[in-house]
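S.K.: Here you go, one structure.
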Amino acid sequence: MQKEYDVIVVGAGPGGSTAARFAAMGGAKTLLIEKRQEIGTHVRCGEGLAKGLLDMAEIPVDRNWIACEVDGARIISPGGMKFEVDEAKAGNETGYVIERDLFDRALAKLAGEAGADIKVKTSALGIWKENGKIVGLHLISNGEKHDVRCKIIIGADGYESQVGRWAGIDTTIADSDIMTCVQYRLTNIQIDSKYTEFYAGSCAPGGYIWVFPKNENTANVGIGLGAHIVKHGGEPKEYLDRWIAKQPGMKNAVQLDMVAGGCSINAPLDSVVCDHVMLVGDAARMIDPMTGGGIAHACMSGMQAGKVAADAIKAKDYSKQFFQTYEKAWRGKIEEKLFRNWMATEKVQKLSDETFDKLIGLLAEVGMENISVFNILKAIKDRYPELVKEFEDLL
Amino acid sequence: MPVENVNKCLHCGLCVGSCPNNAIFLNEVRLEFNEDCTECGLCSRICPVGALTPGGK
Ligand SMILES: Cc1cc2nc3c(=O)[nH]c(=O)nc-3n(C[C@H](O)[C@H](O)[C@H](O)COP(=O)(O)OP(=O)(O)OC[C@H]3O[C@@H](n4cnc5c(N)ncnc54)[C@H](O)[C@@H]3O)c2cc1C
Ligand code: SF4
Ligand code: SF4
């Protein structure tokens, strides 16, 4: 292990690999570390990815990591009302179901090709400080401890992120801003492989159930529950098992895997940088609170942080001040959307099954040319003004 | 400190990222708890698969 780098990126998910790629492309001597023995596995993800969002992070589309292309998304109310969001109408917001393991490895490959060193089975144990100043990271690589100097640390360590907290960036979120999730890969089931499906209401309090097709008879079937609502450990799994048992098309389901995980559904953090440190992706709590999608935001923020890191190395300035360019770049792209969707989610979490039926029924009936949270609220306002009162501040 | 049922835990990191005191570390094969734990109970309550029991030592 080399003793010194310009930039160390912690975590080789989509955010970290993209950050390492752009830092290395900008000429910075870059190390990307991943604590797991294999980049990309286990897949802890529904694998839904919006097509349009890929461009945001200059990611070349590769057939190898596309499992399934979908026409759109379908939202289903407790009473069975269905609202379909077609891709064109959603402004490209739906699109692929991917193979996350292959996707993550493809991004790591791009980072390596750009010149970044990559070490797997290598975990950050803490930030190395001298006289209160950050000078590097304490690592453990294949069981051996190393202290490695660097000028910039990019925390891409996902939902479980500790880099930010070690560095003194407050990334703590309230339980009402956490979704607790569990997902199975099921095969031998009957699904519509042309749509991703979302089931709202009391089947998943404070969240939803998703069915994302991998092929004609296989799907990622998962659930997220509001962490402020769950009463005891294991409840997400209980809810999911109960729901699956009730689906006629899943009677003969065969389970291929099981994963769990956390999604943040918070309003954007005040700051995701400090001297020597930038956070990207889930570590910076950038998941879309409405859809739970975080892959594209991780890539986009990784790209921005990688570019700024390379510039900072050239300018020999690793200050919080310098990293404001990164803050501006990612916020310019997604902050407003994150904030609006967080506000909307807070309200949607409180709706009753009857209200879901009414709303989704209404949306299905009126159809919509241009789908956005804003337009949806406007349609609701025309029909059920009493319902939108709560949402008024979003309009 | 909470006790991990290693036979149930999926190493998903949800508890790690949610602990208000940063008292949990996932070293890839098992969870490690440190003395910053205040026994608030959050992690055991929200674990998606029920792999944590509150209040060991
Ligand atoms: C159940 C579930 C379903 C989801 N479904 C979707 C979906 O359908 N579509 C979508 O867009 N998003 C989805 N998400 C969110 C998506 O998975 C994340 O937003 C995305 O993975 C974020 O990428 P990232 O690079 O920020 O972090 P991650 O992909 O989480 O990568 C972080 C990496 O850092 C490593 N790491 C952590 N700590 C250390 C350390 N100390 N040292 C070294 N390495 C470390 C981890 O092992 C991991 O590989 C889902 C999330 C969950 C939990
Ligand atoms: S939340 Fe549960 S399954 Fe996930 S790492 Fe913690 S104890 Fe394990
Ligand atoms: S009980 Fe509370 S403080 Fe202790 S590890 Fe769990 S979440 Fe953290």
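The values are calculated or read from the model by the stated rules, or taken from the named source; none is laboratory data. Worth saying up front: this structure is predicted, and the values here are computed from it rather than measured. In this analysis, Cβ positions are derived from the backbone assuming ideal geometry, glycine residues included, and neighbour counts consider all displayed protein chains.
S.K.: In the stretch B:6-33, which residues are near ligand 3 (Cβ under 7 Å from one of its atoms), more than 7 Å from every other protein chain (Cβ to nearest Cβ) and under 25 Å from A:Ile265 (Cβ atoms)?
M.R.: Answer for the stretch B:6-33, where residues must be near ligand 3 (Cβ under 7 Å from one of its atoms), more than 7 Å from every other protein chain (Cβ to nearest Cβ) and under 25 Å from A:Ile265 (Cβ atoms): B:Cys15, B:Cys19, B:Asn21, B:Ala23, B:Ile24.
S.K.: Kindly list, by first and then second residue, each pair from a residue in the stretch A:218-236 that is on the phi > 0 side of the Ramachandran plot to a residue that is outside any strand (DSSP E or B), limited to pairs with Cβ atoms under 6 Å and residues at least 6 apart or on different chains.
M.R.: Partner pairs satisfying both residue conditions: A:Gly234/B:Val49; A:Gly234/B:Gly50.
S.K.: Still on this structure, please answer the following. Can you tell me which condition B:Cys43 does not meet? The list is (1) over 10 Å from the mean Cα position of the chain (by Cα); (2) more than 22 Å from A:Arg36 (Cα to Cα), and all the others hold.
M.R.: For B:Cys43, the failing item is (1).
S.K.: Against the definition (more than 17 Å from the chain's Cα centre (by Cα) and buried (at least 20 other Cβ atoms within 10 Å of the Cβ)), how does A:Pro213 come out, yes or no?
M.R.: Yes, satisfied.
S.K.: Of the residues A:Leu102, A:Leu125, which single one is of a type outside the set (Ser, Thr, Tyr) and away from chain B (no Cβ under 14 Å)?
M.R.: Just one listed residue meets the conditions, A:Leu102.
Residue-wise test of (1) away from ligand 2 (no atom under 16 Å from the Cβ); (2) over 14 Å from A:Met56 (Cα atoms); (3) within 14 Å of chain B (Cβ to nearest Cβ); (4) in contact with a strand residue (DSSP E or B) (Cβ under 9 Å, 6 or more places away or on another chain).
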| position | (1), (2), (3), (4) |
| --- | --- |
| A:Ile287 | yes, yes, yes, yes |
| A:Met290 | yes, yes, no, no |
| A:Gly293 | yes, yes, no, yes |
| A:Ser301 | yes, no, no, yes |
| A:Ala305 | yes, no, no, yes |
| A:Ala309 | yes, yes, no, yes |
| A:Ala312 | yes, yes, no, yes |
| A:Asp317 | yes, yes, no, no |
| A:Tyr326 | yes, yes, no, yes |
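S.K.: While we're looking at this one, here's another question. In the stretch A:239-273, which residues are surrounded by 17 or more Cβ atoms within 10 Å (Cβ to Cβ) and not aliphatic (A, V, I, L, M)?
M.R.: Across the stretch A:239-273, the qualifying residues are A:Tyr239, A:Gln247, A:Gly261, A:Gly262, A:Cys263, A:Ser264, A:Asn266, A:Pro268.
S.K.: Any idea which residue in the stretch B:46-57 is farthest from A:Val259 (Cα to Cα), counting only those that are surrounded by fewer than 20 Cβ atoms within 10 Å (Cβ to Cβ) and within 10 Å of ligand 3 (Cβ to nearest atom)?
M.R.: B:Gly55
S.K.: Let me ask something else about it. For the stretch A:319-331, what are the residues that are assigned to a helix (DSSP H, G or I) and not hydrophobic (A, V, I, L, M, F, W, C)?
M.R.: Matches in the stretch A:319-331: A:Gln324, A:Thr325, A:Tyr326, A:Glu327, A:Lys328, A:Arg331.
S.K.: When B:Asp36 is evaluated against the numbered criteria (1) over 18 Å from A:Trp166 (Cβ atoms); (2) over 11 Å from the mean Cα position of the chain (by Cα); (3) more than 10 Å from chain A (Cβ to nearest Cβ), which criterion, by number, is the only one it fails?
M.R.: Going through the list (1) over 18 Å from A:Trp166 (Cβ atoms); (2) over 11 Å from the mean Cα position of the chain (by Cα); (3) more than 10 Å from chain A (Cβ to nearest Cβ), B:Asp36 breaks only (1).
S.K.: Which of (1) in contact with a strand residue (DSSP E or B) (Cβ under 7 Å, 6 or more places away or on another chain); (2) within 11 Å of another protein chain (Cβ to nearest Cβ) does B:Val3 not meet, given it meets every other one?
M.R.: Evaluating B:Val3 over (1) in contact with a strand residue (DSSP E or B) (Cβ under 7 Å, 6 or more places away or on another chain); (2) within 11 Å of another protein chain (Cβ to nearest Cβ) leaves (2) as the failure.
S.K.: Please determine whether any residue of the stretch A:34-42 is more than 16 Å from ligand 2 (Cβ to nearest atom), away from chain B (no Cβ under 14 Å), in contact with a helix residue (DSSP H, G or I) (Cβ under 8 Å, 6 or more places away or on another chain) and under 30 Å from A:Ser352 (Cα atoms).
M.R.: no
S.K.: Would you be able to say whether some residue in the stretch B:30-39 is near ligand 2 (Cβ under 8 Å from one of its atoms), without any contact (Cβ under 8 Å) to a residue 40 or more places away in the chain and outside any helix (DSSP H, G or I)?
M.R.: Yes.
S.K.: Could you say which residue among A:Gly27, A:Gly40 is in contact (Cβ under 8 Å) with a residue 12 or more places away in the chain, over 23 Å from A:Val221 (Cα atoms) and part of a loop (DSSP other than H, G, I, E, B)?
M.R.: Criteria check complete, one pass: A:Gly27.
S.K.: Let me ask something else. How many residues does the stretch B:10-29 contain that are in a loop (DSSP other than H, G, I, E, B) and either small (Gly, Ala, Ser) or within 15 Å of ligand 1 (Cβ to nearest atom) (or both)?
M.R.: So the count comes out to 10.
S.K.: For a quick check of your reading: which strands (runs of 3 or more DSSP E) sit entirely within the stretch A:52-126 and have at least 1 residues that are closer than 30 Å to A:Asn375 by Cα?
M.R.: A:66-69, A:72-76, A:82-86, A:95-98
S.K.: For the stretch A:295-318, which residues satisfy the criterion of being outside any helix (DSSP H, G or I) and touching a Lys or Arg at 6+ places or on another chain (Cβ under 9 Å)?
M.R.: Result: A:Lys316, A:Tyr318.
S.K.: With in a loop (DSSP other than H, G, I, E, B) and either of a type in the set (Phe, Trp, Tyr) or within 14 Å of chain B (Cβ to nearest Cβ) (or both) as the only criterion, which of A:Thr180, A:Thr172 stands out?
M.R.: Step by step, each of A:Thr180, A:Thr172 is checked, and only A:Thr172 is in a loop (DSSP other than H, G, I, E, B) and either of a type in the set (Phe, Trp, Tyr) or within 14 Å of chain B (Cβ to nearest Cβ) (or both).
S.K.: Could you tell me which of the residues A:Glu93, A:Glu34, A:Glu69 is modelled with pLDDT of 95 or more, among the acidic types (Asp, Glu) and in contact with a strand residue (DSSP E or B) (Cβ under 7 Å, 6 or more places away or on another chain)?
M.R.: A:Glu34 is the lone residue from the list that is modelled with pLDDT of 95 or more, among the acidic types (Asp, Glu) and in contact with a strand residue (DSSP E or B) (Cβ under 7 Å, 6 or more places away or on another chain).
S.K.: Find the residue count for the stretch A:1-14, including only residues that are buried (at least 24 other Cβ atoms within 10 Å of the Cβ) and over 20 Å from A:Leu125 (Cβ atoms).
M.R.: 1
S.K.: Just to be sure, is A:Lys246 within 14 Å of chain B (Cβ to nearest Cβ) and either basic (Lys, Arg) or free of Cβ contacts under 8 Å to residues at least 24 places away in the same chain (or both)?
M.R.: No.
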